[in-house]
There are 2 protein chains.
Amino acid sequence: MFDFYLMEKRQRALTLPRAAQTKRRTRIQLEKEEVILEAALEVFANHGFRGATIDQIAEQAGMSKPNLLYYFPTKEAIHRLLIDQILDTWLDPLREIDETGEPLVEIKSYIRRKLEMARDYPRESRLFANEILQGAPRIQDELNDLKNLVDEKAKVFKKWMDQGRMRKIDPYHMIFSIWSTTQHYADFDVQVQAVLGKKANGDGRFEDAARYLDQLFVHGLKAD
Amino acid sequence: MFDFYLMEKRQRALTLPRAAQTKRRTRIQLEKEEVILEAALEVFANHGFRGATIDQIAEQAGMSKPNLLYYFPTKEAIHRLLIDQILDTWLDPLREIDETGEPLVEIKSYIRRKLEMARDYPRESRLFANEILQGAPRIQDELNDLKNLVDEKAKVFKKWMDQGRMRKIDPYHMIFSIWSTTQHYADFDVQVQAVLGKKANGDGRFEDAARYLDQLFVHGLKAD
DNA sequence: TGTAATCTTTACCAAGCGGTCAAATTTTTT
DNA sequence: AAAAAATTTGACCGCTTGGTAAAGATTACA
């Protein structure tokens, strides 16, 4: 999952943290790196990259700032690693869309999975949203991989449309609409809860959202 | 449009900028305040509140930092004013939905207006998104007004549904889906353009989006 | 158990930050 | 044109921030 030597190869780790100069990964390193990433996720998601401070992350992780910097060379290195992990798992549901399946069933379960991710991993979604919102300065390469995957799946949708198995619409914008409607419940949760008021109790809003999105997309996309 | 005395009443201007101590608003004040707000919009939209510095805003506005602080007491005061202005114009399209109109026509034109705003005022959208994403720490009051407006319009949709003039769905989540799909083109523009590649030339993506969203929502929401 | 490797802490630094102050300059008013 | 009011500037302050250095404490291994 995590490997400094890998990261070093990838780029930019001009300064190596001292923990990486060790002969091999120790038990403590594995544990602390995990703790730090979890803490950083919390802090980055709530304050953005610039708004987050190493001190905050260190406190959340229950250690001192220099101690944290023993494991990661810079604040940016932590952020970068998180983004990479997130983007990867974030795209899993899209990868799983099965060309040989039934179009509307596949799309419905894609939406359901995306909504579950928004419910279960809101911090990851917000961290990513933060990055895109500010022009994605640190993830140009990753956006390229993203494009390739979307291109591939857009072809699948196009084929289904040509076969008359779903409405002829723009597959790219269809994907955008699925991303935006589902991630909205993670990224804009404060607003959603403020608007729903008491109606937002527990995870009820996610069940309501699932029902609504199902109706919207099934009727919106099914062949006439 | 802008009034320090109003802002002062509202709250927090503990320190008044010296420009506010003037006997009346001068020509120069009106001009410079405008320039500063425009510059601040640009900088806040691209870097978020914490990521933006007064120096950056001042440079964008073509003046020195102390000079800028002659017109506004704090960085937060500028931000607050922008947010208030934005939220107000942002909700105009929703206010304009006409209870006496034809449901699908009203909803279609609401979507079109929202999409036009995403196209024409992307910085405003991103500034607002930034604020919500980070828990809306500075706009609790405004979220309340928002809730009231949405409640009111939800009732209208409900009435239309009871009259059998549109599909029975959850009106709140319908509004969320319109917000998210349209604002996506402003907030996540970097990602949209990266995915569309060459296909994203000019404003073509907005026209494609308009066509797609029209199909999605019309078929998704029309009575069977 | 002793020693080498690893981990943690204390003290620190330089740069960046939001914001102030008083003096100098420009604009408006008389 | 002089006086008053308003605007601009440069120098500065205290705090926060990302990150470092070196010594001390702990752990792993022979």
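The values are calculated or read from the model by the stated rules, or taken from the named source; none is laboratory data. No experiment lies behind these values; they were computed from the predicted model shown. For neighbour counting, all protein chains shown are included, and Cβ atoms are generated from backbone atoms with ideal geometry for every residue, glycine included.
Here the condition is being aliphatic (A, V, I, L, M), closer than 24 Å to A:L91 by Cβ, within 23 Å of the chain's Cα centre (by Cα) and surrounded by fewer than 22 Cβ atoms within 10 Å (Cβ to Cβ); of A:L127, A:L133, A:L149, it holds for A:L149 alone.
Quick one: in segment A:123-140, which of the residues that are in a helix (DSSP H, G or I) and more than 11 Å from chain B (Cβ to nearest Cβ) is nearest to A:Q85 (Cα to Cα)? That would be A:E124. Of all the criteria given as (1) surrounded by 15 or more Cβ atoms within 10 Å (Cβ to Cβ); (2) away from DNA strand D (no atom under 13 Å from the Cβ); (3) assigned to a helix (DSSP H, G or I), the one not satisfied by B:I97 is (3).
Of note, A:L115 satisfies the criterion of being farther than 18 Å from B:Q191 by Cβ, away from DNA strand C (no atom under 16 Å from the Cβ) and hydrophobic (A, V, I, L, M, F, W, C). The residues of segment A:129-170 that are among the hydrophobic types (A, V, I, L, M, F, W, C) and farther than 30 Å from A:H47 by Cα, listed by number, are A:A154, A:V156, A:F157, A:W160, A:M161, A:M166, A:I169.
Only residues that are among the acidic types (D, E) and either at the interface with chain B (Cβ under 7 Å from one of its Cβ atoms) or closer than 23 Å to B:G197 by Cα (or both): list them for segment A:163-191, please. Within segment A:163-191, A:D170, A:D187 qualify.
When you scan segment B:60-69, do you find a residue that is closer than 29 Å to B:Q193 by Cβ and within 14 Å of chain A (Cβ to nearest Cβ), even just one? For segment B:60-69, residues closer than 29 Å to B:Q193 by Cβ and within 14 Å of chain A (Cβ to nearest Cβ): absent.
Please verify whether B:F44 is buried (at least 16 other Cβ atoms within 10 Å of the Cβ) and outside the structural domain of B:P17 (by TED's automatic domain parsing), treating the condition exactly as stated. No. Look at (1) closer than 26 Å to B:N130 by Cα; (2) in a helix (DSSP H, G or I) and you find that B:G202 fails only one, number (2). Restricting attention to segment A:51-65 and to residues that are near DNA strand D (Cβ under 8 Å from one of its atoms) and either assigned to a loop (DSSP other than H, G, I, E, B) or surrounded by fewer than 17 Cβ atoms within 10 Å (Cβ to Cβ) (or both), the residue that is nearest to the chain's Cα centre (by Cα) turns out to be A:A52. When segment A:205-216 is filtered for residues that are surrounded by fewer than 23 Cβ atoms within 10 Å (Cβ to Cβ) and touching a helix residue (DSSP H, G or I) at 6+ places or on another chain (Cβ under 9 Å), the ones remaining, listed by number, are A:R205, A:F206, A:D208, A:A210, A:R211, A:Y212, A:D214, A:Q215. Within segment B:66-83, the residues that satisfy the criterion of being in a helix (DSSP H, G or I) and either within 16 Å of DNA strand D (Cβ to nearest atom) or loosely packed, with under 15 Cβ neighbours inside 10 Å (or both) are B:P66, B:N67, B:L68, B:L69, B:Y70, B:Y71, B:K75, B:E76, B:I78.
One residue stands out in segment B:32-58 among those that are within 11 Å of chain A (Cβ to nearest Cβ) and more than 17 Å from B:D84 (Cα to Cα): the one that is nearest to DNA strand C (Cβ to nearest atom), namely B:T53.
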